[in-house]
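Have a look at the structure below, then the notes.
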Amino acid sequence: MSKKTALWAGVMALVLVAPQARAAAKEWSINFNGGVAAPMGDFKDAAKLGFMGGVGADYTVTPNVALGVDGSFISNSASDQLKAAISPATASFQMLQGGAHAKYLFPTASESNFAPYVIAGLGFYNVKDKVDLSGVSASESSTKVGARGGLGLMFKTSPKVSLGVESAYHWINTDISSTSFISVQAGLTVGMGTPAAN
C-alpha cells in the first residue's frame, strides 16, 4: 500500500468509522434560538421582516439522527404597502408554532467541532392578524398545519454546549393562499446527561 493510499484510508476512517464508534451515546439536549422571519410570497406584500424566537428539545437516537419537539413565537409588523392601504389604522401579525422535527447530522471526523445538518418538521401554526384604529383593536386568529425544512451548522464549544445557526423555509396551509417565510436564527444548545456525539 502506497503512502498516498494509506493517507486516504486514514481520512475515510476518521469520517466514517469514528462516528460509528460513538453510536452508543444517547442524549437529551435543550436549545434556545432567536433571529428573524422574512415573509415570502403573498405574505411579503402584507408584512415586513420580523422577529422569531423559540425553544426546543432533541433526543439523539444515533450519532447522526435526532428527533425532537419545538415551539416558536413569530412577530411581523405591516408592510409599507399595507400601511398605506389601511391608514390611519395599523396592523401586525403574530404566530405561535409548535411541532416535531427530525435532524440528520452529516458524519464528521471525531476531532471536528463542527456538525452540519438538515432538518425537517411538521406542526401547527396559530396565525393572528391584528388591526388597531384610534385605540380600538380587532383581531382574528386561526390554527393551521404547517411544515418546514432547512439547513444548520453547530459548533461545539464544550462537551455539553454548542452554538449554531439555522435557516429554514416555513409553509403554512392558510386559507385562500398559503403563508410562507424564511427564518434565520442563531442558537444555543445544552446537552443533558451523557455528552452528545455529533
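The values are calculated or read from the model by the stated rules, or taken from the named source; none is laboratory data. This structure is a prediction, so every number in the text was calculated from the model and none was measured. Quick reminder, even Gly has a Cβ in these numbers, built from the backbone with ideal geometry, and neighbours come from all protein chains shown.
Of all residues in region 98-112, which are surrounded by fewer than 17 Cβ atoms within 10 Å (Cβ to Cβ) and among the hydroxyl-bearing types (S, T, Y)?
Y104, S110, S112
Among the listed residues A120, A168, A186, A197, identify the single one that is modelled with pLDDT under 95, of a type in the set (A, V, I, L, M, F, W, C) and either within 11 Å of the chain's Cα centre (by Cα) or surrounded by 14 or more Cβ atoms within 10 Å (Cβ to Cβ) (or both).
Numbers: A120 fails: modelled with pLDDT under 95; A168 fails: modelled with pLDDT under 95; A186 fails: modelled with pLDDT under 95.
Result of the check over A120, A168, A186, A197: A197.
Got a sec? Which of S79, S92, S75 is in contact with a helix residue (DSSP H, G or I) (Cβ under 7 Å, 6 or more places away or on another chain), within 30 Å of S134 (Cβ to Cβ) and either surrounded by 15 or more Cβ atoms within 10 Å (Cβ to Cβ) or at pLDDT below 95 (or both)? Don't jump to the end; show me each part of the working.
On the way: S92 fails: in contact with a helix residue (DSSP H, G or I) (Cβ under 7 Å, 6 or more places away or on another chain); S75 fails: in contact with a helix residue (DSSP H, G or I) (Cβ under 7 Å, 6 or more places away or on another chain).
Being in contact with a helix residue (DSSP H, G or I) (Cβ under 7 Å, 6 or more places away or on another chain), within 30 Å of S134 (Cβ to Cβ) and either surrounded by 15 or more Cβ atoms within 10 Å (Cβ to Cβ) or at pLDDT below 95 (or both) holds for just one of S79, S92, S75, which is S79.
Filter region 51-62 down to the residues that are more than 15 Å from the chain's Cα centre (by Cα) and of a type outside the set (A, V, I, L, M, F, W, C), then identify the one that is surrounded by the most Cβ atoms within 10 Å (Cβ to Cβ).
Of region 51-62, the ones more than 15 Å from the chain's Cα centre (by Cα) are 59-62.
Within this subset, residues satisfying the condition of being of a type outside the set (A, V, I, L, M, F, W, C) are 59-60, 62.
Values: Y59: 15, T60: 22, T62: 16.
Step by step, filter region 51-62, then rank; the result is T60.
Against the definition (closer than 19 Å to F155 by Cα and surrounded by fewer than 16 Cβ atoms within 10 Å (Cβ to Cβ)), how does V65 come out, yes or no?
On the way: closer than 19 Å to F155 by Cα: yes; surrounded by fewer than 16 Cβ atoms within 10 Å (Cβ to Cβ): yes.
Here the answer is yes, as V65 does meet what is asked.
Could we say that V127 is among the β-branched types (V, I, T), under 15 Å from S75 (Cβ atoms) and assigned to a strand (DSSP E or B) here?
On the way: among the β-branched types (V, I, T): yes; under 15 Å from S75 (Cβ atoms): yes; assigned to a strand (DSSP E or B): yes.
The answer is yes for V127.
Scanning region 1-58 for residues that are of a type in the set (F, W, Y) and part of a strand (DSSP E or B), which turns out modelled with the lowest pLDDT? It would help to see each step written out before you state the result.
Taking region 1-58 as the starting set, the residues that turn out to be of a type in the set (F, W, Y) are 8, 28, 32, 43, 51.
Then drop every residue that is not part of a strand (DSSP E or B), which leaves 28, 32, 51.
On the way: W28: 94, F32: 98, F51: 98.
In this case the residue turns out to be W28.
For A115, work out the one condition from (1) more than 20 Å from P39 (Cα to Cα); (2) of a type in the set (A, V, I, L, M); (3) exposed (fewer than 14 other Cβ atoms within 10 Å of the Cβ) it doesn't fulfil.
(3)
Given the conditions (1) in contact (Cβ under 8 Å) with a residue 40 or more places away in the chain; (2) more than 26 Å from the chain's Cα centre (by Cα), which single one is not true for A109?
It is condition (2) that A109 fails.
Residue by residue through region 123-151, note down the ones that are buried (at least 19 other Cβ atoms within 10 Å of the Cβ) and closer than 22 Å to E166 by Cα. If you could, list the steps in order and put the result at the bottom.
As a first pass, look at region 123-151 and keep what is buried (at least 19 other Cβ atoms within 10 Å of the Cβ): 123, 125, 127, 146, 148, 150.
Within region 123-151, G123, Y125, G146, R148, G150 qualify.
Quick check: is even one residue across region 175-188 at positive phi and among the hydrophobic types (A, V, I, L, M, F, W, C)?
Here is the first cut: in region 175-188, the residues at positive phi are 176.
Of the ones still in play, those that are also among the hydrophobic types (A, V, I, L, M, F, W, C) are 176.
Within region 175-188, one or more residues are at positive phi and among the hydrophobic types (A, V, I, L, M, F, W, C).
Could you list, in sequence order, all residues of region 66-95 that are of a type outside the set (D, E) and under 28 Å from E27 (Cβ atoms)?
Just the residues of region 66-95 that are of a type outside the set (D, E), to begin with: 66-69, 71-79, 81-95.
Result: A66, L67, G68, V69, G71, S72, F73.
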